[in-house]
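Data block below; observations after.
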Amino acid sequence: MTQQDNVAPIAQLRGVSKIYGQGSTEVKALHGVSVDFHAGKFTAIMGPSGSGKSTMLHTLAGLDSVTAGTITIAGKQITGLSDKELTHFRRDHIGFIFQSFNLIPTLTAKDNIELPMRLAGAKIDKNWLEQVVASLELTERLTHKPYQLSGGQQQRVAVARALVARPAILVADEPTGNLDSKTSSEVLSLLRNAVDQLQQTVIMVTHDRHAAAIADRVLVVRDGQIVADLDHPTADQIAQVA
Ligand code: ADP
């Protein structure tokens, strides 16, 4: 029994199934997935294209509904919430990082970072903002607009934007998909630091085993099911399973 066994998971999926379409166009994207995620851990989700990785990430982040099963995040069952309740829940509890950085081109880095909290009418903790910005080495870039920043810097702004609200979970969907290998490792180290230094919980979908190897845990998905649950695997160990 590990220490984690005594602590309620930050995210829990129970018998989660997801079917897209109907009849002849029906696709079973997830088949009865049950899994727990613990706070302060970095989990990577891997698997072949079409295996259900994004569907798992999107349902657990409340971006997509489930066909069956329950999802509980930070003690709240989100399956069954109305769209409006879900929008509020996501805003208060989930941080998002996407492959395309999704920054507003006309806003400075600082305004992009603060925008979600301003829209939510939430109070920005200046000390925390400074700490996040410094840890991402963005202090000198805050007045720049996205077009004045490199791809890696833009993704760092997106990471800062996600972290500043102190989300219960940070979900990242192929966060290094648009970056070269050097910049990818920088962004991955930043996510790793967010877990190690800021106690953030990160769940990341990736098809890159080297990216996955930075995680504490790697889930391998195939045909809508988790077929392997690996503890601190190396890239070679991941390659053997995935
Ligand atoms: P992955 O992220 O591993 O590539 P996905 O979760 O995107 O896999 O997709 C799993 C399966 O569900 C695939 O067969 C995909 O075509 C299907 N799928 C995903 N999203 C939709 C959708 N919005 N409508 C219909 N089918 C979908």
* **Residues within the stretch 59-99 that are within 16 Å of the ligand (Cβ to nearest atom), closer than 25 Å to Ala215 by Cα and crowded, with 18+ Cβ neighbours inside 10 Å, tallied** => 7
* Name the one entry in Ala44, Ala29 that is more than 20 Å from Ala215 (Cβ to Cβ), in contact (Cβ under 8 Å) with a residue 12 or more places away in the chain and either within 15 Å of the ligand (Cβ to nearest atom) or not in a loop (DSSP other than H, G, I, E, B) (or both). => Ala29
* Please list, ordered by first then second residue, the pairs with beta carbon atoms under 7 Å, 6 or more apart or interchain, first in the stretch 209-231 and in contact (Cβ under 8 Å) with a residue 40 or more places away in the chain and assigned to a strand (DSSP E or B), second of a type in the set (Lys, Arg) and buried (at least 20 other Cβ atoms within 10 Å of the Cβ). => Val221/Lys53
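Conditions tested, residue by residue: (1) more than 21 Å from the chain's Cα centre (by Cα); (2) modelled with pLDDT under 95; (3) more than 29 Å from Gln225 (Cα to Cα).
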position	(1), (2), (3)
Gly21	yes, yes, no
Thr25	yes, yes, no
Val35	no, no, no
Thr67	yes, no, no
* To do: Please work out which one of (1) in contact (Cβ under 8 Å) with a residue 60 or more places away in the chain; (2) of a type outside the set (S, T, N, Q); (3) within 12 Å of the ligand (Cβ to nearest atom); (4) in a strand (DSSP E or B) is the condition Met56 fails and give its number.
  => (4)
* Would you mention how many residues in the stretch 138-194 are assigned to a helix (DSSP H, G or I), under 12 Å from the mean Cα position of the chain (by Cα) and surrounded by fewer than 22 Cβ atoms within 10 Å (Cβ to Cβ)? => 0
* Return the pairs, sorted by first residue and then second, in which the second residue is modelled with pLDDT under 90, the first residue lies in the stretch 150-178 and is of a type in the set (D, E, K, R), the beta carbons are less than 6 Å apart, and the residues are 6+ apart or on different chains. => Arg156/Leu136; Asp173/Phe98; Glu174/Gln99
* To do: May I ask you to list pairs of residues, at least six apart or on different chains, whose Cβ atoms are under 6 Å apart, with the first in the stretch 128-148 being over 12 Å from Asn112 (Cβ atoms) and the second being of a type in the set (D, E, K, R) and part of a helix (DSSP H, G or I)?
  => Leu136/Arg156
* Asked: Looking only at the stretch 112-137, which residues are among the charged types (D, E, K, R) and either under 21 Å from Ser184 (Cβ atoms) or surrounded by 16 or more Cβ atoms within 10 Å (Cβ to Cβ) (or both)?
  -> Glu114, Glu137
* Could you tell me whether any residue of the stretch 232-239 is within 27 Å of Lys18 (Cβ to Cβ) and either outside any strand (DSSP E or B) or touching a residue at least 60 places away in the same chain (Cβ under 8 Å) (or both)? => yes
* Structure fact -> Checked the stretch 207-242 for anything more than 22 Å from Lys182 (Cα to Cα), under 18 Å from the mean Cα position of the chain (by Cα) and among the basic types (Lys, Arg); matches are Arg217
* Asked: Do we have any residue at all in the stretch 124-131 that's touching a Ser or Thr at 6+ places or on another chain (Cβ under 7 Å) and outside any helix (DSSP H, G or I)?
  -> no
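The values are calculated or read from the model by the stated rules, or taken from the named source; none is laboratory data. Being a predicted model, the structure only gives us computed values, none of them experimental. Don't worry about glycine lacking a Cβ; one is built from the backbone with ideal geometry, like all the others, and counts go over all protein chains shown.
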